[in-house]
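The values are calculated or read from the model by the stated rules, or taken from the named source; none is laboratory data. For clarity, every value in this text was computed on a predicted model and none was experimentally measured. With ideal geometry, Cβ positions are generated from the backbone for all residues, glycine too; neighbour counts draw on all protein chains shown. What goes into the accessible areas is simple: the full protein's heavy atoms, side chains included, and nothing from ligands, DNA or RNA. Shrake-Rupley method; radii C 1.70, N 1.55, O 1.52, S 1.80 Å.
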Amino acid sequence: QAGFVEQHGVETQLLSRLRDSHRVVELESMEMQLDSLSSAPDEAHQYDLERSLSMAEEDWTAELNAMARAWADGDTAAMESLVFRNDEDPRATLLHESLFHTRNRQMSERIVELWGEGEPMLVVIGAGHMVGETGLPQLLREKGMTVTQLPRGEVRAAAAP
């Protein structure tokens, strides 16, 4: 309803263009994602459900648009505040642990493993996994990797034919 269509998403577009010509490796399977979600404590799910039911449609649309703007602008501080808003609620903290922190630690291990193979790679990750103290850039830095956020103009130039 907010105008976002899965077929236009970055992951879907890249997979449709690269699957036949490049090796595609999942950092986590659908089963791993479902396990992460289902292992969250009941209080975390209750918090998420209560928050979802309390938001009006225009609030959801505004939140999605704010996230899209933060992503497009490369504004990691704005994205972090949107993703981890309400982190002071202990139930939100439990939810974020399951949705982001635990999975980020697992994905960072997998990225380092793949990097060790010595082949060039492109890692496509949801924007919420890129921010915060347990975001993938920070975890990879802690593992000794150099992580640089490209300015938006360089990204466009690099993507041009």
- Message: Order 62-70, 6-14 from most to least packed using the mean count of other Cβ atoms within 10 Å.
- Response: 62-70, 6-14
- Item | Pair Gln13, Glu57: separation of 7 Å Cα→Cβ label points (nm) | 2.7 nm
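Any chance you could tell me what percent of the C-alpha pair distances in the chain go past 25 Å?
When every Cα pair of the chain is considered, 38 percent fall beyond 25 Å.
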- Measure off, as a whole percent, the carbon and sulfur share of the 1.4 Å-probe accessible area of the chain, all protein chains present. 54 percent
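Taking loop as defined by DSSP and a crowding limit of 16 other beta carbons within 10 Å, which trypsin sites (Lys or Arg not before Pro) in region 4-38 fit?
Arg19, Arg23
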- Simple label model, 7 Å out from Cα along Cβ direction - Arg105 to Glu50, nm: 2.6 nm
- Item | Whole-number accessible area per residue in Å² for region 1-106, which is evaluated in the context of all protein chains at 1.4 Å | 69 Å²
- Task: Determine the relative contact order of the chain: mean sequence separation of Cα pairs under 8 Å and six or more apart, normalised by residue count, in whole percent.
- Result: 24 percent
